[in-house]
Amino acid sequence: MSNIRSAFENGKAFIAFLTCGDPDLQTTAAAVRAAVKNGADLIELGIPFSDPTAEGPTIQGANLRALNGGVTTDKVFDLVRELRRDVTVPLVFMTYANVVFSYGADRFLSTCREVGIDGLILPDLPFEEKDEFQPVCRMYGVDLISLIAPTSENRIAMIAKEAEGFLYLVSSLGVTGARNEIKTDLASIVEVIRRNTATPCAIGFGISTPEQAKKMAALSDGVIVGSAIVKLLEIHGKNAPGPIGEYVKSMKDAIR
């Protein structure tokens, strides 16, 4: 059993996403620590990729800035080594199948275990093709986290039954990014998930305000926020860790 469950043991989990290396890796490290200090229960670290198909303009921009700044997968692994000196909450990578494939799945996942990564999210990996990575993930004790989208319909039960770590429930159709309102009937999706697995379920995509976080946490076991945090990095640059800490505290307070 991975460390991920621990994120859901003290009430509703707040999961923060950051793109590694935007604006630089030192700021990423400081922002992660600020988020954890202010109540983040799990951190999703985005490994920059040139074609992040699931992302909206905010996170796409962060990927480009990080890549232009010379961030590589090896440098991200070094960042995690450094974070693990004092950061004990679960850490999960979010990236694309091509990043893992080109690095070499065995080498990538053995390094994940070595540096202390608990899970892996690959938004472009269809559930039906997860066997390409699942055996290697299991060999190194890294949870391969599945996504369920509003379009999953008759596949929800099947995906839920095989879930590891936590289930990432995508709140709405389209790419990541803050939304004014979330109209999907998430309650009925969560009901199907609950009937088929005891694995925690967290809702992401489009959540940016404490009100939205509270509403989504009432339905699920936790909320995932990415674009709103990445936006703070875009606005404040190297001074972002302070505002990120304040923002995370307001979101965590809302879901307690």
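The values are calculated or read from the model by the stated rules, or taken from the named source; none is laboratory data. Remember, it's a predicted structure, so these values are computed and weren't measured experimentally. Every residue, glycine among them, receives a Cβ derived from its backbone with ideal geometry; neighbour counts consider all protein chains shown.
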Filtered residues of region 113-155 (kept if part of a strand (DSSP E or B), of a type in the set (Val, Ile, Thr) and out of contact with any helix residue (DSSP H, G or I) (no Cβ under 6 Å at 6 or more places or on another chain)): ILE121, ILE145
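From THR197, THR184, THR176, which residue is at pLDDT below 95 and either surrounded by fewer than 20 Cβ atoms within 10 Å (Cβ to Cβ) or of a type outside the set (Val, Ile, Thr) (or both)?
Values: THR197 fails: at pLDDT below 95; THR176 fails: either surrounded by fewer than 20 Cβ atoms within 10 Å (Cβ to Cβ) or of a type outside the set (Val, Ile, Thr) (or both).
Residue meeting the stated conditions: THR184.
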Scanning region 1-60 for residues that are among the hydroxyl-bearing types (Ser, Thr, Tyr) and at pLDDT below 95, which turns out surrounded by the most Cβ atoms within 10 Å (Cβ to Cβ)? THR58
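Check region 156-166 and report whether any residue there is part of a helix (DSSP H, G or I) and among the acidic types (Asp, Glu).
Narrowing region 156-166 to residues part of a helix (DSSP H, G or I): 156-161.
Going one step further and asking which of them are among the acidic types (Asp, Glu), we end up with none.
No, the conditions are met nowhere in region 156-166.
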How many residues does region 200-230 contain that are buried (at least 21 other Cβ atoms within 10 Å of the Cβ) and part of a helix (DSSP H, G or I)? 8
For PHE101, are the conditions met, namely being modelled with pLDDT of 95 or more, part of a helix (DSSP H, G or I), among the aromatic types (Phe, Trp, Tyr) and surrounded by 22 or more Cβ atoms within 10 Å (Cβ to Cβ)? no
